[in-house]
1. If you check Leu275 against the conditions, is it crowded, with 22+ Cβ neighbours inside 10 Å, within 16 Å of the ligand (Cβ to nearest atom) and outside the structural domain of Gly87 (by TED's automatic domain parsing)?
2. Does segment 38-49 hold any residues that are on the phi < 0 side of the Ramachandran plot and in contact with an Asp or Glu (Cβ under 8 Å, 6 or more places away or on another chain), and which are they?
3. Could you check, for segment 95-111, whether at least one of its residues is surrounded by 15 or more Cβ atoms within 10 Å (Cβ to Cβ) and within 16 Å of the ligand (Cβ to nearest atom)?
4. Would you tally the residues in segment 183-204 being farther than 18 Å from Ser152 by Cβ and assigned to a strand (DSSP E or B)?
5. Under 7 Å between Cβ atoms, at least 6 apart or on separate chains: pull out the pairs that start in segment 210-226 with a residue that is more than 17 Å from His49 (Cα to Cα) and end on any residue that is away from the ligand (no atom under 11 Å from the Cβ) and in a helix (DSSP H, G or I).
6. From Arg140, Arg149, which residue is within 11 Å of the ligand (Cβ to nearest atom) and surrounded by fewer than 17 Cβ atoms within 10 Å (Cβ to Cβ)?
7. If I ask for residues that are away from the ligand (no atom under 16 Å from the Cβ) and in contact (Cβ under 8 Å) with a residue 60 or more places away in the chain, which ones from segment 112-137 would you list?
8. Which one of these is touching a residue at least 60 places away in the same chain (Cβ under 8 Å) and either farther than 30 Å from Ala85 by Cα or of a type outside the set (Val, Ile, Thr) (or both): Ile237, Ile203?
Amino acid sequence: MSLKVYISGTLYDKDDAKISVYDHGFLYGDGVFEGMRSYGGRVFRLEPHLDRLWESAKAICLEIPMSRQQMTEAINQTLQANGIADGYIRLIVTRGAGTLGLDPNRTSDPQVVIITDHIALYPDELYEKGLKIVTASTIRNHSAALSPRIKSLNYLNNILAKIEGLQAGCIEALMLNTKGEVAECTGDNIFIVRDGVLYTPPIEAGILEGITRDAVIELARQSGREVREIPLTRHDIYIADECFLTGTAAEVVPVVEVDSRPIADGTPGPITRELVEKFRRLTRGD
Ligand code: PXG
């Protein structure tokens, strides 16, 4: 059975799911998206994901052509049509087809696309062994140019950094902001642990306010751990006791080497392991 893709009210076979080449989402990356996960048939943190989608759309003056209730129904309809209980959901809202030229007023019909599919997580062994990352020379977008808080269809900033990571043999890369502070990775937020305290860059460092990041902060605080959202430098990362990344696709994944410096003894730390487990229990609901 072919996978079904939702486009603006209709479910299409994957091969027939098409958007106009005049859509400004395609022409200019003019649109917004969300990546979510469903576990056991329930979408994890649906409301915060919808909040972020609507906020991203608001920031680019894009009106999502349906209500949150309709969006929720469309997501569930697409998951059910594909018989997906545990999977990945990609929501995309484009500016719609228009004339050639940037003017968003000369577009009509913003399109809503919902893809539900299975996601290839990092290989299991990375959760055991941890991953190695490098710092990219590509600086994270300046918030006053294009806020990293907007999950827009313009991901070239992150893709350029990802290419640098891949060229160095790493599947993730660390990005700094224009002040040279640690911002985030290309599709994940970053945390370190030092003397039992968790640290992660604040939103003002110019990062996406990750929903997994929020969940992990909550989990850590619930178990009595202190979490500080303060600016970090690469030095802080190099001398950390532990380091890990958070993201919808990655969940919680240990980092054991940054720019060829092993983190502590170069193996995943105990607090990281505990959070990997706690996050699994939270999402799998047991
Ligand atoms: N920073 C950036 C720049 C992201 O794109 C995160 C942090 C983590 O946020 P969440 O809310 O997911 O905890 C992201 C999220 C993909 C993919 O296809 C990327 C993300 C999410 C899902 C899939 O690579 N990025």
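The values are calculated or read from the model by the stated rules, or taken from the named source; none is laboratory data. If you're wondering where the values come from, they're calculated on a predicted model, not measured in any experiment. Glycine gets a Cβ as well: all are built from the backbone with ideal geometry, and neighbour counts include every protein chain shown.
1. Yes.
2. Within segment 38-49, Ser38, Tyr39, Pro48, His49 meet the criteria.
3. Initial filter on segment 95-111 (surrounded by 15 or more Cβ atoms within 10 Å (Cβ to Cβ)): 95-98, 104, 107, 110-111.
Next, from what is left, pick out any that are within 16 Å of the ligand (Cβ to nearest atom): none.
Looking through segment 95-111, none of the residues is surrounded by 15 or more Cβ atoms within 10 Å (Cβ to Cβ) and within 16 Å of the ligand (Cβ to nearest atom).
4. Step one: list which residues in segment 183-204 are farther than 18 Å from Ser152 by Cβ, which gives 190-202, 204.
Subset that is assigned to a strand (DSSP E or B): 190-194, 197-200.
Qualifying residue count, segment 183-204: 9.
5. Once the first residue is more than 17 Å from His49 (Cα to Cα) and sits in segment 210-226, its partners that are away from the ligand (no atom under 11 Å from the Cβ) and in a helix (DSSP H, G or I) give Leu219/Leu275; Leu219/Lys278; Leu219/Leu282; Ala220/Leu275.
6. Arg149
7. First, pick out the residues of segment 112-137 that are away from the ligand (no atom under 16 Å from the Cβ): 112, 124-125, 127-130, 132, 134, 137.
Within segment 112-137, Val112, Tyr127, Glu128, Lys129, Gly130, Lys132, Val134 qualify.
8. Going through Ile237, Ile203 in turn, the sole match is Ile237.
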